[in-house]
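Q: Submitted below is the structure of interest, expressed as structure tokens.
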Amino acid sequence: MQAEAPVGRSSSYDHSLVPPCQSACPLHMEIREYIDLISQGRIMEALHVIRDGNPFPSICAHVCTHPCEDACRRSQVDKPVAIRALKRFAVEFGGDRMIELEANTTHAERVAIVGSGPAGLAAAYYLRKLGYPTTIFEANPELGGMLRVGIPQYRLPRSVLDAEVQRLIQIGVEIRSNTRVASLDLLFEMGYKAVFVTVGAHQSLRMGIEGEESPGVVDGATFLREVNLGLRPSVGNRVAVVGGGNVAIDAAHTALRLGAQEVKVLYRRGRAEMPADGSEIEQALEEGVEILFLVAPSRIKRVDGCLQVICTRFELGEADGSGRRRPVPIENSDFELDFDTLVSAIGQAPQIPQDFRLRIGKGSTIQIDPVTLLTDRPGVFAGGDAVTGPATVTQALAAGRQAAVRIDEYLQHRYPALPKETRAALTTPLLPRTIELVRRVNRLDPPVLPAQDRTGGFAPVELIYDWKTAIDEARRCLRCGAGAEILFQDKCATCLNCLRVCPYEVPQLDASGTLQIPADQCLACGVCVAECPAKAIMLRKPYDRRQVTEELEHALRSALQTSSKPLLVGFCCQYGLFGTGSLAGLWKAASASIWIVPVLCVAKVEEEHLLRAFEMGAEGVFIAGCGAQCARENTGQWVARRIEKVRRALATLGIESERLQALPTDGEEASTVQAVQEFADRVGRLCLTAALKREVRK
Amino acid sequence: MIVAETKPLDEIWRSIAPYSRVLILGCGTCMTVCGAGGEREVSFLADALRMSQARGGEHDHSLLEYTVKRQCDAEFLETFVDRSREVDAILSLGCGVGVQVVADRFPDLPVLPGNNTYFMGASSEWGVWDERCAACGDCRLADTAGVCPITRCTKGILNGPCAGAKNGKCEANKEADCAWILIYQRLERLGQLDKMRRYYPPRNFRVIPRPRRIVNKTQVSTGGNDGQVSV
């Protein structure tokens, strides 16, 4: 057994499991990592992690449907972490607008992208990064596809989209807007070696009822496109929207903003079956939209410039193929409603030009090889809604990224590489006992514009977190899959310390008497790491990129160069309060030079760290936790225990035990600063007394 | 398990004072479990000594740290023979057994104890150990329902209880349960109260010859190699 710092002590290894949020994300983003950085107030680093996994984080920050939150295991305890809103916070505060991209052309083969939706933009981004001259062809005057013509401005401000497009232009993507591609052959004749078809799904499905062609009836995609391209169609006072998806709800929101007095959504199933995003439905109801469930139009008649819509009531029958209960019309339940405009938004499908000569499959989508993304024509790849049917922005971005990789392989004559994931995924839910022991913390959602202020215009509905709320929300993350493991099983003396100290009762003895720390239950608090007498336990992924030890060395080295006043070292919880750097004011104020060693939870401070601080010349050492905001109830108990032990050692060496203190913190800045100041004064007096005693002895 | 406690730092400090290069040797078994000499304690002690040195400025020790799986078997000690050549003394954080085995293996080095070894015991909760066995060599636990009167009765009497128990606690130690009351309760549960009524004659501890040795080897003739076994 080695006694030197084991290899595992370095901060580079990663034994963590892929958390459920990351598995659920089409882009496979390192969500746990950036949420943790946000919780420490390291927003720029968080943004860096976000940008690593997402070409257009600012877009996702606004419109992502956050499948990660649906997978979040915090929902087993209370509610999922508000991941998308936190990403938006990181994008807004982390300086995303300042980031400039760079790309060099290293290949001669030109690639054409047909369509500039999220899939096309992402493919262009990654192809440029790979060094290919890339051209985007877009039929509309402006880029963005559904981002531009489908998603209303109050969800995705156009400035955000424009900024991302501008960045693509900066890295040399050639843009051909107002250019509808009629034939792929032409592109190959123009010298393009590969084509990525991502034309989206813009064709609304027809309701198939009498009177659908009447003036005043418009399909959802066209309606949103017109509004989003700057037209203000007059919708009259009474508007009906048919459908229950996001397009329907967006159309309802938009109709209100165009001045409609009365907006009714007709949906043939119930609330539970509605595919639209829950919070958007809530917002629509707040704004005064009325949703009629189990109702669908069966006939439309235009009388005197007004639409008479005959509606039928439905009831829910057996579950159908999609798992939702099939609506069955109730006989003789027809009733009539009058509207000025009816928007039908019951679904969309791609419309692929015949001249592309691509094999079309179910739902008018392009058929592709699921691995290579190749269509039946050589050199032609496809992705996005054109392949999947209407899906999410994030899925499209993932398809675009995948396409860039596949096109690169195709052009370089490489065999398609299969995705390499070396880490196992965490799929199991939390056990009831673990759930019981996790501290409940309410989810904090970002503020939204009050309902009465929303309908007046197209201003963004959702506002941004303030700094403190964002950090508090980020701290709710349970850090699934990054917990402790017995890294050196041969050292483990099976002393059962970990089993006895774990606040979540996670470690278990297996049938053969070996201790196991189930990776799917451990929540990475680090108490057992510090309490293991054999130093056999490590966190699967040291969160702090620099460990406490390294931080301490760094602080002490810097301190030795500058300090003349007595040196104090404070181990401060990096979550919450201290994450925002509010202790910085102490530097000037205190009568000592104070060096803060940031730690991720004071339960991770080991006795050795305290001794090391004294060894390097600290006159006083304090530990300050985050107080009541802590993720656990009894963190202070561990701190107290370790302080007690070190104090005993100090006492035998003639060092006053008052020089080591845990400061009571209630998470408030002012009282913490005061406590540190008092501690500094106390240590100052002790130093003085000690100096006097030395003089007297001489 | 053997339970020990690290000696006070000043005592350790005095004992290593004459030696400039000291190897602090931990033990990965009992001493790790009882928190007196595992890898963490080794580095805690080294840090504490270094700190004292850095602040006192009088001594100049170089401290090496090493932890073996078990100090009481000499084979484990072979793993650091090379290092032992670079030091002037070994400070063992093993139990008394460990210290002696280490001393035996390294005849040319002073081997200093860093722990006070107390007893054989069990942990009743995290961080608390209680003595449970005195290694008397004549186990009577069958008669006393699995509660040892030698270690758990302050007086060590074989025919208890004495008359001094109050509220189930020992008169000599108000924190300790009276072992004989525990014995009575367990025997009652087991329906073996007749064992209480028996008289157990006193034992003569004097006749135990120290050091004791157990030979657990079969005496096999080691003569030929013809596959014949003769006992």
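The values are calculated or read from the model by the stated rules, or taken from the named source; none is laboratory data. The shown structure was predicted, so the numbers you read here are calculated from the model rather than taken from an experiment. FYI the Cβ positions are ideal-geometry reconstructions off the backbone, even for glycines, and counts take in every protein chain you see.
Q: Given the criteria charged (D, E, K, R) and either part of a loop (DSSP other than H, G, I, E, B) or within 30 Å of B:Ile208 (Cα to Cα) (or both), does B:Asp82 qualify?
A: no
Q: Looking at this structure, is A:Val448 buried (at least 16 other Cβ atoms within 10 Å of the Cβ), of a type in the set (A, V, I, L, M) and in contact with a helix residue (DSSP H, G or I) (Cβ under 6 Å, 6 or more places away or on another chain)?
A: On the way: buried (at least 16 other Cβ atoms within 10 Å of the Cβ): yes; of a type in the set (A, V, I, L, M): yes; in contact with a helix residue (DSSP H, G or I) (Cβ under 6 Å, 6 or more places away or on another chain): no.
No, not satisfied.
Q: Something else about it: Given B:Ile2, B:Ile16, which one is farther than 30 Å from B:Cys133 by Cβ and surrounded by fewer than 24 Cβ atoms within 10 Å (Cβ to Cβ)? Talk me through it step by step, then tell me what you get.
A: On the way: B:Ile2 fails: farther than 30 Å from B:Cys133 by Cβ.
Selected residue: B:Ile16, the only one of B:Ile2, B:Ile16 that is farther than 30 Å from B:Cys133 by Cβ and surrounded by fewer than 24 Cβ atoms within 10 Å (Cβ to Cβ).
Q: When the residues of region B:8-25 are narrowed to those that are within 12 Å of another protein chain (Cβ to nearest Cβ) and at pLDDT below 95, which ends up nearest to B:Glu125 (Cα to Cα)?
A: Going through region B:8-25, the residues within 12 Å of another protein chain (Cβ to nearest Cβ) turn out to be B:8-14, B:23-25.
Cutting the leftovers down to at pLDDT below 95 gives us B:8-14.
Details: B:Pro8: 24, B:Leu9: 26, B:Asp10: 29, B:Glu11: 29, B:Ile12: 28, B:Trp13: 31, B:Arg14: 34 Å.
Ranking the candidates gives B:Pro8 first.
Q: Can I ask one more? Identify the single condition in (1) surrounded by fewer than 23 Cβ atoms within 10 Å (Cβ to Cβ); (2) closer than 20 Å to A:Lys535 by Cα; (3) of a type outside the set (Gly, Ala, Ser); (4) more than 9 Å from chain A (Cβ to nearest Cβ) that B:Cys95 does not satisfy, given that it satisfies every other one.
A: Result: B:Cys95 fails condition (1) only.
Q: Which of the following residues is at pLDDT below 90, farther than 30 Å from A:His413 by Cβ, out of contact with any Gly (no Cβ under 6 Å at 6 or more places or on another chain) and not acidic (Asp, Glu): A:Arg155, A:Arg180? Outline the logic, then answer.
A: On the way: A:Arg180 fails: at pLDDT below 90.
Of the residues listed, the single one that is at pLDDT below 90, farther than 30 Å from A:His413 by Cβ, out of contact with any Gly (no Cβ under 6 Å at 6 or more places or on another chain) and not acidic (Asp, Glu) is A:Arg155.
Q: For region B:68-81, name all the residues that are surrounded by fewer than 18 Cβ atoms within 10 Å (Cβ to Cβ) and more than 9 Å from chain A (Cβ to nearest Cβ).
A: B:Asp73, B:Ala74, B:Glu75, B:Glu78, B:Val81
Q: Filtering region A:36-73 down to residues that are surrounded by fewer than 22 Cβ atoms within 10 Å (Cβ to Cβ) and basic (Lys, Arg), which residue is farthest from A:Thr469 (Cα to Cα)?
A: Looking at residues that are surrounded by fewer than 22 Cβ atoms within 10 Å (Cβ to Cβ) and basic (Lys, Arg), I get A:Arg51.
Q: Also, I was wondering about something else. Report yes if A:Ala396 is in contact with a helix residue (DSSP H, G or I) (Cβ under 9 Å, 6 or more places away or on another chain) and under 19 Å from A:Ala221 (Cα atoms), otherwise no.
A: Considered against the rule, which asks whether it is in contact with a helix residue (DSSP H, G or I) (Cβ under 9 Å, 6 or more places away or on another chain) and under 19 Å from A:Ala221 (Cα atoms), A:Ala396 comes out as yes.
Q: Inspect all residues belonging to region A:576-591 and state whether any of them is at pLDDT 75 or above and away from chain B (no Cβ under 14 Å). Quick ask: steps written out before the conclusion?
A: Let us first name the residues in region A:576-591 that are at pLDDT 75 or above, namely none.
For region A:576-591, residues at pLDDT 75 or above and away from chain B (no Cβ under 14 Å): absent.
Q: Could you give me the residue pairs with C-beta distances under 6 Å whose first residue belongs to region A:97-120 and is in contact (Cβ under 8 Å) with a residue 60 or more places away in the chain, whose second residue is aromatic (Phe, Trp, Tyr) and in a loop (DSSP other than H, G, I, E, B) wherever it lies, and which are 6+ apart or on separate chains?
A: From residues that are in contact (Cβ under 8 Å) with a residue 60 or more places away in the chain, the pairs are A:His107/A:Tyr132; A:Val111/A:Tyr132.
Q: Can you tell me which residue among A:Glu644, A:Glu656, A:Glu678, A:Glu619 is of a type in the set (D, E, K, R) and away from every other protein chain (no Cβ under 14 Å)? If you could, list the steps in order and put the result at the bottom.
A: Details: A:Glu644 fails: away from every other protein chain (no Cβ under 14 Å); A:Glu656 fails: away from every other protein chain (no Cβ under 14 Å); A:Glu619 fails: away from every other protein chain (no Cβ under 14 Å).
Testing whether each residue is of a type in the set (D, E, K, R) and away from every other protein chain (no Cβ under 14 Å) leaves just A:Glu678.
Q: Looking only at region B:21-62, count every residue that is of a type in the set (A, V, I, L, M), part of a helix (DSSP H, G or I) and touching a Ser or Thr at 6+ places or on another chain (Cβ under 6 Å) and tell me the total.
A: In the first step, residues of region B:21-62 are kept if they are of a type in the set (A, V, I, L, M); the result is B:22-25, B:31, B:33, B:36, B:42, B:45-46, B:48-49, B:51, B:54.
After this cut, where a residue has to be part of a helix (DSSP H, G or I) as well, the list is B:31, B:33, B:42, B:45-46, B:48-49, B:51, B:54.
Cutting the leftovers down to touching a Ser or Thr at 6+ places or on another chain (Cβ under 6 Å) gives us B:42.
The qualifying residues number 1.
Q: Does region A:409-461 hold any residues that are of a type in the set (A, V, I, L, M), over 22 Å from the mean Cα position of the chain (by Cα) and not in a loop (DSSP other than H, G, I, E, B), and which are they?
A: If the condition is that a residue be of a type in the set (A, V, I, L, M), over 22 Å from the mean Cα position of the chain (by Cα) and not in a loop (DSSP other than H, G, I, E, B), then A:Leu411, A:Ile435, A:Leu437, A:Ala451 are the ones that fit.
Q: Return yes when B:Glu65 is within 8 Å of another protein chain (Cβ to nearest Cβ), assigned to a strand (DSSP E or B) and charged (D, E, K, R) and no when it is not.
A: Taking the combined requirement at face value, the residue satisfies it.
Q: Something else now. What number goes with the only condition from (1) polar (S, T, N, Q); (2) out of contact with any strand residue (DSSP E or B) (no Cβ under 8 Å at 6 or more places or on another chain); (3) without any contact (Cβ under 8 Å) to a residue 24 or more places away in the chain that A:Thr222 does not pass?
A: Only one criterion is unmet by A:Thr222, namely (2).
Q: Could you say whether any residue in region B:183-200 is under 24 Å from B:Met120 (Cβ atoms), surrounded by 15 or more Cβ atoms within 10 Å (Cβ to Cβ) and in contact with a Gly (Cβ under 6 Å, 6 or more places away or on another chain)?
A: No.
Q: Okay, moving on. Out of the residues in region A:228-265 that are β-branched (Val, Ile, Thr) and modelled with pLDDT of 90 or more, state the one that is nearest to A:Ala391 (Cα to Cα).
A: For region A:228-265, the residue satisfying everything is A:Val247.
Q: Could you give me the residue pairs with C-beta distances under 8 Å whose first residue belongs to region A:516-535 and is more than 19 Å from B:Glu65 (Cα to Cα) and away from chain B (no Cβ under 14 Å), whose second residue is among the aromatic types (Phe, Trp, Tyr) and in a loop (DSSP other than H, G, I, E, B) wherever it lies, and which are 6+ apart or on separate chains?
A: Every condition considered, the pairs that remain are A:Gln521/A:Tyr504; A:Cys522/A:Tyr504; A:Leu523/A:Tyr504; A:Ala524/A:Tyr543; A:Cys525/A:Tyr504.
Q: On to the next question. Here are the criteria: (1) within 24 Å of B:Phe205 (Cα to Cα); (2) surrounded by fewer than 19 Cβ atoms within 10 Å (Cβ to Cβ). Tell me which single one B:Thr144 does not satisfy.
A: With respect to (1) within 24 Å of B:Phe205 (Cα to Cα); (2) surrounded by fewer than 19 Cβ atoms within 10 Å (Cβ to Cβ), B:Thr144 is out only on (2).
Q: Would you check if there is a residue in region A:421-432 being out of contact with any helix residue (DSSP H, G or I) (no Cβ under 7 Å at 6 or more places or on another chain) and closer than 30 Å to A:Val197 by Cβ?
A: yes
Q: When you scan region A:476-494, do you find a residue that is under 15 Å from A:Ala631 (Cα atoms), buried (at least 20 other Cβ atoms within 10 Å of the Cβ) and within 14 Å of chain B (Cβ to nearest Cβ), even just one?
A: Within region A:476-494, not a single residue is under 15 Å from A:Ala631 (Cα atoms), buried (at least 20 other Cβ atoms within 10 Å of the Cβ) and within 14 Å of chain B (Cβ to nearest Cβ).
Q: If you don't mind, another one. Scan region A:622-641 for residues that are buried (at least 19 other Cβ atoms within 10 Å of the Cβ), free of Cβ contacts under 8 Å to residues at least 60 places away in the same chain and within 13 Å of chain B (Cβ to nearest Cβ) and jot them down.
A: Across region A:622-641, there are no qualifying residues.
Q: Quick check on region A:133-175: of everything there that is in contact with a Ser or Thr (Cβ under 6 Å, 6 or more places away or on another chain) and outside any loop (DSSP other than H, G, I, E, B), which residue is surrounded by the fewest Cβ atoms within 10 Å (Cβ to Cβ)?
A: Only one residue tops the list, namely A:Glu174.
Q: OK, next. Evaluate the following for A:Asp340: is it of a type outside the set (S, T, N, Q) and modelled with pLDDT under 90?
A: When the stated conditions are applied, A:Asp340 does not pass them.
Q: A follow-up question, please. Can you tell me how many residues in region B:50-62 are within 9 Å of chain A (Cβ to nearest Cβ) and either surrounded by fewer than 22 Cβ atoms within 10 Å (Cβ to Cβ) or touching a residue at least 24 places away in the same chain (Cβ under 8 Å) (or both)?
A: 6
Q: Filter region A:280-302 down to the residues that are outside any strand (DSSP E or B), touching a residue at least 24 places away in the same chain (Cβ under 8 Å) and under 31 Å from the mean Cα position of the chain (by Cα) and list them by number.
A: Once the filter is applied, which keeps residues that are outside any strand (DSSP E or B), touching a residue at least 24 places away in the same chain (Cβ under 8 Å) and under 31 Å from the mean Cα position of the chain (by Cα), region A:280-302 yields A:Glu280, A:Ile281, A:Gln283, A:Ala284, A:Glu286, A:Glu287, A:Gly288, A:Val289.
Q: Find all pairs meeting these conditions: Cβ atoms under 7 angstrom apart; at least six residues apart or on different chains; first residue within region B:170-185 and of a type in the set (S, T, N, Q); second residue exposed (fewer than 14 other Cβ atoms within 10 Å of the Cβ).
A: none
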